[in-house]
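The values are calculated or read from the model by the stated rules, or taken from the named source; none is laboratory data. All values derive from a computational prediction rather than experimental measurement. Positions of Cβ are generated from backbone atoms using ideal geometry, with glycine treated the same way; all protein chains shown enter the neighbour counts.
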Amino acid sequence: MSRYIVGITGASGSVYGVRVIEGLLKEGHTVHCIMTHNGGKVMAYELEKDVASLIEGFESLSGTFILHDNEDMFSSVASGSFRTDGMIVVPCSMGTLGKISAGITDTLLVRAADVMLKERRPLLLVTRESPLNSIHLENMLKLSRAGADICPPVPAFYDRPKTLDEVINFSVGRLLSRLGVENNLYTPWTEGKTNE
């Protein structure tokens, strides 16, 4: 099975990070998770669960879940010699985006993202902000040119979602597919297709 790094920052949208981790683990992959301090606080607030219980749930799934300390620059994922199949930062705050764009590798999460770029491995940044100012846009363009995929969780409505869960699953399914992970969380577009 494959190894992926999942970074979680303090931007709103923790549910996307949790669902991506669950999707990877259910397929038997190894997830190396790096969570910022604010990422943990926002996750607990938005999902109304403490982080420890969420981690316990991850560890009950079929893959392998490893949580890294964001301050531990001696971690395996800080090195390009540690082979991974890609990294996703979900959700990705504008502060983290800016640091990755500037090459300021003062935390493990940003260092791991920097490694993805220098090693030419997949890096998905699930940006969460609106409206975007010119600094945000310039940082995104710079990172896109450096090889990162900028993937804001934009819902689609061609499959006529009925619940918030379906809207979330669509974005999570697209993100997993972008990482090369098979899933059935969303319905790909087919010309003339309806759900009737």
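Examine the range 144-167 for a residue that is in contact with a strand residue (DSSP E or B) (Cβ under 6 Å, 6 or more places away or on another chain), of a type in the set (A, V, I, L, M) and either modelled with pLDDT of 95 or more or in a helix (DSSP H, G or I) (or both), and state whether such a residue exists. Checking the range 144-167: at least one residue is in contact with a strand residue (DSSP E or B) (Cβ under 6 Å, 6 or more places away or on another chain), of a type in the set (A, V, I, L, M) and either modelled with pLDDT of 95 or more or in a helix (DSSP H, G or I) (or both).
The condition of being closer than 21 Å to A148 by Cβ and either touching a Ser or Thr at 6+ places or on another chain (Cβ under 8 Å) or basic (K, R) (or both) holds for only one of V31, V20, V6, that being V31.
Counting the residues of the range 8-54 that are part of a helix (DSSP H, G or I) and surrounded by fewer than 17 Cβ atoms within 10 Å (Cβ to Cβ) gives 10. P91 meets all of the listed conditions (1) free of Cβ contacts under 8 Å to residues at least 60 places away in the same chain; (2) closer than 21 Å to S12 by Cβ; (3) in a strand (DSSP E or B) but one, namely (1). Figure legend. Inter-residue proximity from the range 101-119: first residues touching a residue at least 24 places away in the same chain (Cβ under 8 Å), second residues buried (at least 20 other Cβ atoms within 10 Å of the Cβ) and assigned to a loop (DSSP other than H, G, I, E, B), beta-carbon distance below 7 Å, spacing 6+ or different chains. Indicated pairs: T107/N70; L108/N70; L109/T36; L109/N70; L117/A148.
Being of a type in the set (S, T, N, Q), out of contact with any Asp or Glu (no Cβ under 8 Å at 6 or more places or on another chain) and in contact (Cβ under 8 Å) with a residue 12 or more places away in the chain is the filter here; which residues of the range 74-88 pass it? Those that are of a type in the set (S, T, N, Q), out of contact with any Asp or Glu (no Cβ under 8 Å at 6 or more places or on another chain) and in contact (Cβ under 8 Å) with a residue 12 or more places away in the chain: S76, S79, T84. Among the residues making up the range 72-93, those that are surrounded by 19 or more Cβ atoms within 10 Å (Cβ to Cβ) and under 19 Å from D149 (Cα atoms) are T84, G86, M87, I88, V89, V90, P91, C92, S93. Among the numbered conditions (1) over 21 Å from S171 (Cβ atoms); (2) surrounded by 15 or more Cβ atoms within 10 Å (Cβ to Cβ), the only one that G103 does not meet is (2). If you filter the range 1-18 down to residues that are more than 10 Å from the chain's Cα centre (by Cα) and hydrophobic (A, V, I, L, M, F, W, C), you find that the one that is farthest from L179 (Cα to Cα) is A11. Looking across S171, S177, one residue alone is modelled with pLDDT of 95 or more, within 17 Å of G13 (Cβ to Cβ), of a type in the set (S, T, N, Q) and assigned to a helix (DSSP H, G or I). It is S171.
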